[in-house]
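Novice: Quick one: the structure is below, and I'll ask about it shortly.
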Amino acid sequence: MLSQNTSSSDSSQTQTPIYDVLISGMGPAGLTAAIELINSGKSVVIITNRSQQFLRVQGISLSEEKRKYLADMISTIDKSIMTENDKKFLISLNQDITISLKEIEKFLYRQLLRHQTEGKSISLIFESELKQIDLKKGEATFGRIHADGQSTNHDLKSLFFTHLICADGKNRHALSLVEKNTGKLINFTPDPNSSAHHVYHANVYVCAKRKDNKPFILPKLDFNSVVQEGLLSFTSLNRRHLRKHENEGTTTIKFIYATEVPLYFRDNSNEIERKKYILEKAKETIVAMLPPENGDIEISVAAPSKKYGLAKDKLKLTFFESHLEEADQVIIQDLNLWNATVILSGDNCRTSNYQLGHGVLDAFSHAVSIGKLLNKEIDPDNYTGMVKALNQKNSMRSQLFDAKKDVAAQALNEKAERVAKSFPSMLKQSSS
Ligand SMILES: Cc1cc2nc3c(=O)[nH]c(=O)nc-3n(C[C@H](O)[C@H](O)[C@H](O)COP(=O)(O)OP(=O)(O)OC[C@H]3O[C@@H](n4cnc5c(N)ncnc54)[C@H](O)[C@@H]3O)c2cc1C
């Protein structure tokens, strides 16, 4: 069909192109939905507001299941013809604790292009956005976005589709056009599990060493989360990495430590105080998780990797509100009135952030479900419930706190305020 970066009507001035599926947005949700659908023979067009560059660096912690999902996408390719970038990505899937969002997106994009060269029907339209949706006709109008972020009405083009997948993240741009067209409003309700509003995070790469320089004796379980003084802290070492360290008789462990911090921390402390405080907290967290035979340990800030250059040794603070909301419906259809259905995927049906929601994991699961839905392996009536159940299953909160859920919720709700008040004195103690 069409090649990338062309608009559909470029290929024919007279005929409006027809696709089975139109996807708005090319993040993890849009890319994986496209791969699932072209694999089952659907013709797909993606319209994205961005260029072909992938720039988002946030580190994504992928579950074992989702690492396998990605690796399986290229498991049938002969290693001798696999691209160097795909080989590197496979290695990174095997050994890296977190993988940057841009590397995941680039990998998925490469798979789309591979499918395209194999003759599958995928069209990619960059730097453009939808302008109008008509579900009765199954027609969409779209236009290019110019350098100033604006689009004009004179370069509009149109295409026909049977299914629209809204995968443009929490912008929910396509959905707003659907709402305009149908007069149907989708409600976004706060997630009842999301009790921690206005939470701020500090992230730091740390290195732990036994003071007696002996190899670590590691815990049997994942080395990741604790609730201290009402605030959640976690590390990014999982069972796989622990066993690797154990086999190698590791004397130092490098990992990411992340902790919630009160607002005071951002506004009223300096870099030295912050670093000192975070290292103390990291030490408490690690000591609490390690078997006591390890004795005393030393903790220092570690450079994440050489490529970080001057950013090494830096403590990174991430501030955002952890307010989650989810859509009351994730499939919109009226088969008596419309020729097209609308399906929400990824952050479009649930906004997430790195702590409370596993947005990328959700996006992959949604894509698999969408594949099954459009291949009629899932009844549309069950789809909303199924997606909600998947979101729930993948939410980090429920993963981390299976056993400690109530304690965590209570701690976050009732004690966070007290912690915030006592925080100035905690900082004072730590800097004296
Ligand atoms: C700091 C940070 C850390 C995170 N860590 C994790 C983690 O460890 N694990 C995890 O699972 N998740 C994590 N997340 C969340 C994760 O990044 C998101 O949940 C995930 O990217 C959602 O994917 P998506 O495809 O639904 O939406 P997005 O990634 O937002 O993609 C939407 C796409 O649509 C495009 N778009 C937007 N508007 C339009 C428009 N009008 N027209 C056309 N295209 C449009 C955008 O350019 C983008 O490419 C993290 C997020 C942050 C901010």
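Novice: Determine the pairs where a residue that is charged (D, E, K, R), located within the stretch 361-378, has a partner that is at pLDDT 95 or above and within 16 Å of the ligand (Cβ to nearest atom) with Cβ atoms under 6 Å apart, the partner being 6 or more residues away or on another chain.
Specialist: none
Novice: Do we find that residue 198 is part of a helix (DSSP H, G or I), modelled with pLDDT under 85 and out of contact with any His (no Cβ under 7 Å at 6 or more places or on another chain) in this structure?
Specialist: On the way: part of a helix (DSSP H, G or I): no; modelled with pLDDT under 85: yes; out of contact with any His (no Cβ under 7 Å at 6 or more places or on another chain): yes.
So residue 198 fails the test.
Novice: Test residue 229 against the criterion of being at pLDDT 95 or above and either out of contact with any helix residue (DSSP H, G or I) (no Cβ under 6 Å at 6 or more places or on another chain) or not assigned by TED's automatic domain parsing to the domain that holds residue 333 (or both), and give yes or no.
Specialist: On the way: at pLDDT 95 or above: no; either out of contact with any helix residue (DSSP H, G or I) (no Cβ under 6 Å at 6 or more places or on another chain) or not assigned by TED's automatic domain parsing to the domain that holds residue 333 (or both): yes.
Answer is no for this residue.
Novice: Just give me the residues in the stretch 54-104 being in a loop (DSSP other than H, G, I, E, B), within 18 Å of the chain's Cα centre (by Cα), away from the ligand (no atom under 11 Å from the Cβ) and surrounded by fewer than 16 Cβ atoms within 10 Å (Cβ to Cβ), in sequence order. Outline the logic, then answer.
Specialist: Narrowing the stretch 54-104 to residues in a loop (DSSP other than H, G, I, E, B): 54-58, 61-63, 73-78, 82-83, 96-98.
With within 18 Å of the chain's Cα centre (by Cα) added as a condition, the list becomes 54-58, 61-63, 96-98.
Still in the list and also away from the ligand (no atom under 11 Å from the Cβ): 96.
Across the stretch 54-104, there are no qualifying residues.
Novice: Going through the stretch 207-220 one residue at a time, which ones are within 16 Å of residue 300 (Cβ to Cβ) and either surrounded by fewer than 21 Cβ atoms within 10 Å (Cβ to Cβ) or free of Cβ contacts under 8 Å to residues at least 24 places away in the same chain (or both)? I'd like the intermediate steps shown before the answer.
Specialist: Quick first cut of the stretch 207-220, residues within 16 Å of residue 300 (Cβ to Cβ) only: 207-211, 213, 216.
Of everything in the stretch 207-220, those that are within 16 Å of residue 300 (Cβ to Cβ) and either surrounded by fewer than 21 Cβ atoms within 10 Å (Cβ to Cβ) or free of Cβ contacts under 8 Å to residues at least 24 places away in the same chain (or both) turn out to be 207, 209, 210, 211, 213.
Novice: In addition: Would you mention how many residues in the stretch 261-284 are touching a strand residue (DSSP E or B) at 6+ places or on another chain (Cβ under 6 Å) and modelled with pLDDT of 80 or more?
Specialist: Matching residues across the stretch 261-284 total 5.
Novice: Only one of these is within 16 Å of the ligand (Cβ to nearest atom), modelled with pLDDT of 50 or more and out of contact with any Phe, Trp or Tyr (no Cβ under 9 Å at 6 or more places or on another chain): 374, 344. Name it. Before the answer, list the steps.
Specialist: Numbers: 374 fails: within 16 Å of the ligand (Cβ to nearest atom).
The match here is 344.
Novice: In the stretch 111-131, which residues are part of a strand (DSSP E or B) and within 13 Å of the ligand (Cβ to nearest atom)? Before the answer, list the steps.
Specialist: Step one: of the stretch 111-131, the residues part of a strand (DSSP E or B) are 122-125, 128-131.
Listed by number, the residues that qualify are 124, 125, 128, 129, 130, 131.
Novice: Here are some conditions: (1) on the phi < 0 side of the Ramachandran plot; (2) at pLDDT below 95. Residue 176 meets all but one. Which one does it not meet?
Specialist: (2)
Novice: Would it be correct to say that residue 47 is under 15 Å from residue 140 (Cα atoms), crowded, with 17+ Cβ neighbours inside 10 Å and assigned by TED's automatic domain parsing to the domain that holds residue 371? Step through it out loud before you land on a result.
Specialist: Values: under 15 Å from residue 140 (Cα atoms): yes; crowded, with 17+ Cβ neighbours inside 10 Å: yes; assigned by TED's automatic domain parsing to the domain that holds residue 371: yes.
In short, yes.
The values are calculated or read from the model by the stated rules, or taken from the named source; none is laboratory data. In this text the structure is predicted, and so the values were computed from the model without any measurement. Please note: Cβ atoms are built from the backbone with ideal geometry, for glycine as well, and neighbour counts cover all protein chains shown.
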